[in-house]
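The values are calculated or read from the model by the stated rules, or taken from the named source; none is laboratory data. Since the model is a prediction, treat every value here as computed from it, not as a measurement. Quick reminder, even Gly has a Cβ in these numbers, built from the backbone with ideal geometry, and neighbours come from all protein chains shown.
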Amino acid sequence: MIGTLLLLHFYLQIECEKTRATYFMCVNHHRASLPGGPQVTKGTFLSLCPGGKRCIIHNFTRRIQSKIKDLLQQMEEGLKTADPHDCSAYTGWTGIALLYLQLYRVTCDQNYLLRSLDYVKRTLRNLNGRRVTFLCGDAGPLAVGAVVYHKLKSDGESQECITKLLQLQRTIVCRDSDLPDELLFGRAGYLYALLYVNTEMGPGAVCESAIKEVVDAIIESGKTLSKEERKAERCPLLYQWHRKQYVGAAHGMAGIYYMLMQPAAKVDQETLTEMVKPSIDYMRHKRFRSGNYPSSLSNETDRLVHWCHGAPGVIHTLMQAYKVFKEEKYLRDAMECSDVIWQRGLLRKGYGICHGTAGNGYSFLSLYRLTQDKKYLYRACKFAEWCLEYGAHGCRIPDRPYSLFEGMAGAIHFLSDILAPETARFPAFELGSSERDPKVQKDS
């Protein structure tokens, strides 16, 4: 027995690759993931609520609320020295506007909406026209601006943002453009902006024809590369960024397929079945034996467990494939991704959402919404507990330490979603409304 425990400690020390203090926290974290899954017992995070549902206990909720308040104060102080010209959602002011919009959604406190407006106004004064996506370009400030003004009943300003957003489309659909298709800098990132506006403001805010043009451009681009690489039968839609065929959510196929499967994208069933589905299956067959996914098709190193590269990004594509195609293999693979994230998802890179613990925690919230299995809500709470000790684990300080995707704002966003797990969504990636996802049908 003692020998087994020593081997377990040795394995966990290698797996976690943390500082000594972080290592002991990681051991405790992994003990909960031994065979049988985490045991939800008295003194943890969940309790039985009326109707038989599992709810997060009040003490943990209060801890989160207190930490959000504390981190917001730190963030606002830190933002005083942030780059005044970075208006992106990824590392700039639009990301902060999104955070305050999220806090308004969770709390219904009008002050948060007005704070979001302050940051929106700042971004709209500094559009540069160099990039066109939601996360890293002008589409982000314009889409968020449209939504914030809409919520404030300022319809004229909202429509002006949408008009400017649609003016970017010429670059997106131009056949001679060298624009990539991925999420951060490419067509899928612009498509998200259009879908986001319609999701938040209602169908018709952006016309279907505009969305269809972008979808068609993404599909044609994928078909062209697939033929060039002689993979048309195995992977009808193939994509690359900087001459490398990435797999993950940020730069790769997983993020593109995920956007194409969104109901709001209105991709026809034949295209989904004959083009998107076999491409997802091709991607699935590239996974490592561990259940993790490579950063690119040519990479054979099982190292990265990030939303941008690895299982935490691919899991969202698998869950969406399950919703669209109703095949159990996609849900099974998503659950295996979740196990990888549970085992290896506390990251030295920090607490952010692109390549940090908060982003990995979102995978559990999404799988909980889909399955209603309390195990995944528990796992999300454990990752949130890690974030409650923000700065105590010797993690790397990111270049933009207060931003949405790299830094503190992302951790705050994740913590706020723990307070409302039924409507949680990964910012600037998952689309959703107050309505819940269709649930997994359990055998009776």
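The table that follows gives values for the structure above.
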quantity: Boolean, Val173 is touching an Asp or Glu at 6+ places or on another chain (Cβ under 7 Å), among the hydrophobic types (A, V, I, L, M, F, W, C), closer than 21 Å to Gly255 by Cβ and crowded, with 16+ Cβ neighbours inside 10 Å; calculated: yes
quantity: Pairs, first of a type in the set (Phe, Trp, Tyr) in the stretch 410-430, second surrounded by 20 or more Cβ atoms within 10 Å (Cβ to Cβ), C-beta under 6 Å, six or more apart; calculated: Phe414/Ala358; Phe414/Gly361; Phe426/Tyr362
quantity: Residue within the stretch 80-93 that is free of Cβ contacts under 8 Å to residues at least 24 places away in the same chain, in contact with a Cys (Cβ under 9 Å, 6 or more places away or on another chain) and not in a helix (DSSP H, G or I) present; calculated: no
quantity: Test result for Arg425, out of contact with any strand residue (DSSP E or B) (no Cβ under 7 Å at 6 or more places or on another chain), surrounded by fewer than 24 Cβ atoms within 10 Å (Cβ to Cβ), closer than 29 Å to Leu191 by Cβ and at pLDDT 95 or above; calculated: yes
quantity: Residues of the stretch 348-390 classified as in a loop (DSSP other than H, G, I, E, B), in contact (Cβ under 8 Å) with a residue 60 or more places away in the chain and under 27 Å from Ser295 (Cα atoms), total; calculated: 4
quantity: Counted residues, the stretch 276-319 - those being outside any loop (DSSP other than H, G, I, E, B), surrounded by fewer than 22 Cβ atoms within 10 Å (Cβ to Cβ) and more than 20 Å from the chain's Cα centre (by Cα); calculated: 4
quantity: All positions within the stretch 172-201 that are in a loop (DSSP other than H, G, I, E, B), modelled with pLDDT of 95 or more and not hydrophobic (A, V, I, L, M, F, W, C); calculated: Pro180, Asp181, Glu182, Gly186
quantity: Unique match (being at pLDDT 95 or above, among the small types (Gly, Ala, Ser) and in a helix (DSSP H, G or I)) among Ala217, Ala205; calculated: Ala217
quantity: Selection count, the stretch 118-143, where residues are within 19 Å of Cys354 (Cα to Cα) and hydroxyl-bearing (Ser, Thr, Tyr); calculated: 1
quantity: Candidates Leu272, Leu237 - the one that is assigned to a helix (DSSP H, G or I), aliphatic (A, V, I, L, M), touching a residue at least 24 places away in the same chain (Cβ under 8 Å) and under 20 Å from Leu195 (Cβ atoms); calculated: Leu272
